[in-house]
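**Q** One structure follows; several queries about it will come next.
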Amino acid sequence: MSEIRIIGIDPGLRQTGFGVVDCDKNEFAYVSSGVIKTNSDKLNLPERLKIIFDEVCETILKFNPKQMCIEKTFVNMNANSSLALGQARGVAMAAAIHHELPIFEYTALQIKKSVVGNGHADKIQVQSMVQKLLNLPEMLGPDSSDALACVLCHNQVMQIKKDNLTMNFRGGRML
């Protein structure tokens with residue numbers, strides 16, 4: 001696998017985290033990360049969703065990733081929170097589709113297990129491992145770290161798929 005730039009998204013209506021990483025097998029180069037914030041006090045829902053869409057589009061144009069990975073919606077007891085998260089996630093995915101990026105989805109459990117080794121790891125553990133794996137000078141906030149963790153998870157999944165394909169391919173034919 002040659003180097004590929006991947007953008008990860010940790011969707012949220014108040015704050016959507018993003019992270020961009022260049023991945024080459026098991027080597028990573030941190031490119032950028034940040035948080036897209038919307039103001040719930042001054043803006044209505046459509047305006048907030050537009051901010052997320054516009055800023056994800058702008059980030060894609062700025063960093064030119066080749067793939068997007070995004071955390072799947074966690075459905076909890078508060079249906080309104082789940083719906084808001086789903087809407088933020090939807091506009092981030094629409095931004096990727098608008099720029100013709102393939103989208104890969106992972107649960108929080110998959111991401112945490114991939115990065116920390118424990119699917120029930122807490123935020124600080126994820127932040128610490130992201131800092132360590134990407135050789136960052138300091139720990140990032142939880143939204144940026146979660147987006148970067150999504151990228152690291154995606155890269156690991158892609159490596160496993162590639163390795164499995166290579167192992168099953170012998171003599172010019174699939175076994």
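The values are calculated or read from the model by the stated rules, or taken from the named source; none is laboratory data. Remember, it's a predicted structure, so these values are computed and weren't measured experimentally. Cβ: placed from backbone, ideal geometry, glycine included. Neighbour counts: every protein chain shown. The accessibility values were calculated without ligands, DNA or RNA, using every heavy atom of the protein model including side chains. Shrake-Rupley method; radii C 1.70, N 1.55, O 1.52, S 1.80 Å.
**Q** Which residue out of 55, 47, 138 is closer than 16 Å to residue 9 by Cα and open to solvent by 30 Å² or more (accessible area, probe 1.4 Å)? Give the derivation first.
**A** Details: 47 fails: closer than 16 Å to residue 9 by Cα; 138 fails: closer than 16 Å to residue 9 by Cα.
It is 55.
**Q** Suppose we filter segment 64-80 for residues that are of a type outside the set (Lys, Arg) and surrounded by 15 or more Cβ atoms within 10 Å (Cβ to Cβ); how many remain?
**A** Initial filter on segment 64-80 (of a type outside the set (Lys, Arg)): 64-65, 67-71, 73-80.
Now narrow it down to the ones that are surrounded by 15 or more Cβ atoms within 10 Å (Cβ to Cβ): 65, 67-71, 73.
Selection size over segment 64-80: 7.
**Q** Now a separate question. If residue 120 satisfies all but one of (1) open to solvent by less than 50 Å² (accessible area, probe 1.4 Å); (2) at pLDDT below 95, what's the number of the condition it fails?
**A** (1)
**Q** Residues in segment 79-95: is at least one at pLDDT below 95 and β-branched (Val, Ile, Thr)?
**A** No, every residue in segment 79-95 fails to be at pLDDT below 95 and β-branched (Val, Ile, Thr).
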